[in-house]
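The values are calculated or read from the model by the stated rules, or taken from the named source; none is laboratory data. Everything numeric here is computed off the predicted structure, so don't read it as measured data. Cβ placement follows ideal geometry from the backbone for every residue including glycine, while neighbour counts extend to all protein chains displayed. Please note that ligands, DNA and RNA were not included when accessible areas were found on the heavy atoms of the full protein model with its side chains. Shrake-Rupley method; radii C 1.70, N 1.55, O 1.52, S 1.80 Å.
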Amino acid sequence: MKITRIQVVVTCPGRNYVVVKVETDQAGLYGWGDATLNGRELAVASALTEHIAPLLINRDPDRIEDIWQYLYKGAYWRGGPVLMTALAGIDLALWDIKGKRAGLPVYSLLGGRTREGAMAYVHCDGADRHEVEDNIRAAQAKGFKAFRAQVGIKRWEHFSSSDLADWDATSPERWEPYAYLQELPDIFEHLRVALGSEPLLVHDVHHRLNPIQAARLAKSLEAYELVFLEDPIHPEHVESLRLLRQHSTIPVGLGELLTNRWQFLPLLSEQLIDFVRCDIAHIGGITETRKIAILAETYNAQVALHGAPDTAPIAHAANIHLDLAIPNFGAQEMCSFPEEAADVFHTGISVKDGYLNVTDAPGLGVEVDETAAARFPYQAGYLPTMRRADASVHDW
Ligand code: KDG
Ligand code: MG
């Protein structure tokens with residue numbers, strides 16, 4: 001079997017997605033991968049079209065590991081989000097082909113189910129604590145058990161956003177560590193008093209704190225029994241998690257900005273994190289994520305894969321296939337897609353009583369309607385910029 005053609009499709013049904021179709025010399029046998037990197041979509045599309053696709057023609061798509069090693073090591077320049085997202089796009093498409101060829105869903109190729117569904121945690125953002133509470137109650141009514149509670153903290157807007165609008169690709173959002181550190185514990189106190197101890201709660205710090213601030217926050221949230229506190233510190237300073245660990249037993253989830261397994265190794269071997277949260281589409285696909293999951297299992301850590309709305313449903317399906325197969329699954333971040341995305345992506349993803357599932361369709365079980373995709377051309381789009389009270393740039 002040979003790879004005969006690789007097409008990169010950039011489409012914007014509500015938001016930008018980069019998907020890769022790997023075709024083979026067997027009639028009707030092809031795979032779809034996801035190579036979406038929010039705000040840098042065309043860099044990945046170009047890496048695939050100009051540099052990676054031409055190298056893969058005539059190779060055997062069955063040899064996933066060999067192609068992975070060839071693309072990672074063979075080009076000398078390796079790693080980073082652009083190249084690892086491009087590699088993930090190819091990797092997911094190859095797993096899709098392998099599953100279709102075998103007539104089996106990818107989770108079966110990964111060892112088969114270890115569970116009947118993957119517990120989802122849903123985003124319950126709100127402008128204030130009452131709106132977060134209402135959103136959690138609404139999600140509970142749909143059967144969800146776990147919730148990511150994010151709340152707007154509006155103090156400290158010293159410069160108006162319109163003053164800054166000319167500088168940034170999108171109008172800036174505001175954030176100050178002092179207001180955040182003061183208000184967040186009260187917000188979680190409110191949620192626990194209002195909702196009781198049953199809801200499983202997660203909070204994402206988005207790498208915005210320095211080490212001692214992160215340690216203080218972890219300590220002050222301990223009583224609210226979060227499933228995990230996500231990305232408390234900058235990815236450049238992950239060794240500072242030691243400081244946080246000295247002050248708190250709050251479980252830590254981390255990793256959506258990491259791009260290889262070696263970055264996870266010290267975090268796991270030193271027991272600095274409890275949940276691996278890499279993004280399957282930014283870290284080289286199922287092949288790399290599965291290896292990290294095995295490392296995590298070795299150190300008794302769990303996996304809670306990044307599942308933001310900025311990757312296509314193909315990566316979300318791949319997450320669920322892996323979640324169903326690995327023994328150390330923890331929770332799966334779940335998001336909703338823009339309505340138009342359903343015209344382009346036909347998935348077998350379902351959610352029942354808060355548990356995600358895929359069908360038994362061979363491969364990843366996602367079909368892309370190329371005609372529909374062509375109706376939604378790329379539109380430049382970026383994350384908002386996060387700025388402090390003095391208008392200086394802060395971590396998103
Ligand atoms: O593109 C950035 C998003 O993926 C990120 O802001 C989402 O932190 C995120 C999460 O945990 O979903
Ligand atoms: Mg996050």
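Here the label points at N58 and L104, each 7 Å from Cα along the C-beta direction, are separated by 3.1 nm in the simple model. On segment 109-363, 50 percent of the accessible area sits on carbon and sulfur atoms, based on a 1.4 Å probe. Helices assigned as whole DSSP H runs in the chain whose Cα atoms extend at least 30 Å along their own long axis and whose mean Kyte-Doolittle hydropathy is 0.0 or higher are found at 80-102. For the chain, the Cβ-based charge dipole about the Cα centre amounts to some 860 debye (Lys, Arg positive; Asp, Glu negative; other atoms uncharged). Between the beta carbons of Q69 and S197, assuming R0 = 56 Å, the FRET efficiency works out to 0.75 to the nearest 0.05. With a simple spin-label model that places each label point 7 Å from the Cα along the Cα-to-Cβ direction, the separation between E297 and H206 comes to 3.5 nm.
Between C335 and K219, what is 0.36 nm times their sequence separation minus the Cα-Cα distance? Round to one decimal in nm.
Result for the pair: 38.9 nm of gain on full extension.
Ignoring lysines fewer than eight residues from K352 along the same chain, the ones with Cα atoms less than 18 angstrom from its Cα are K142, K145.
Put simply, the Cα atoms of the chain extend 61, 48, 42 Å along their principal axes, the longest span coming first.
Which of the trypsin sites (Lys or Arg not before Pro) across segment 89-135 are loop residues per DSSP, with 15 or fewer other Cβ within 10 Å?
Taking segment 89-135 and a limit of 15 other Cβ atoms within 10 Å, the loop trypsin sites (Lys or Arg not before Pro) found are R113, R115.
For segment 3-104, the convex hull spanned by the alpha carbon atoms encloses 95 Å³ per residue. Taking A120, A27, A361 in turn, the Gaussian network model of the chain (Cα-Cα springs below 10 Å) assigns the largest fluctuation to A27.
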